[in-house]
């Protein structure tokens, strides 16, 4: 009798674990699809933000309910010590983990600026632990955009990872 009870408990637990994992994956897919549907109008008109301050583009992201979770800065050409690129992450750490575990794409935005990003960027990133907030947005607000690339926006499970 104990053997049957343990088998039933084992099967029940396995079912619950699989069901929870499926729900978590569905949450990511819903997040991804919602984010992409909000991004698509911006993707098709991205060039209208070129040569304008970052704040114009950022305001449009906010108007479209695109929430930036994290950020990183990078060089335009490697190796270099001059930073021109701002990378914006739209997934929080939980969603990034789900995407990674399932080999899904996560939507990101890469912005190249016309002018070099001020040297204080490293201190700003360390102070804010790469988390996006109004202080970070203000820091980049007046820097003019040269180009914008959207990465991971061709489908969460697409084999095409090229930028738009």
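Restricting attention to segment 35-65, the residues being within 20 Å of residue 117 (Cα to Cα) and surrounded by 13 or more Cβ atoms within 10 Å (Cβ to Cβ) number 9. Among the residues of segment 7-32, the ones that are at pLDDT 55 or above and surrounded by 12 or more Cβ atoms within 10 Å (Cβ to Cβ) come to 7 in all.
Filter the helices (runs of 4 or more DSSP H) completely within segment 66-164 down to those with at least 1 residues that are in contact with a strand residue (DSSP E or B) (Cβ under 8 Å, 6 or more places away or on another chain), free of Cβ contacts under 8 Å to residues at least 40 places away in the same chain and surrounded by 14 or more Cβ atoms within 10 Å (Cβ to Cβ). In segment 66-164, the matching helices (runs of 4 or more DSSP H) lie at 93-101.
The values are calculated or read from the model by the stated rules, or taken from the named source; none is laboratory data. Note that the coordinates shown come from a computational prediction; the quantities given were computed from them, not determined experimentally. Using ideal geometry, Cβ is built from the backbone for each residue, glycine included, and neighbour counts are taken over all protein chains shown.
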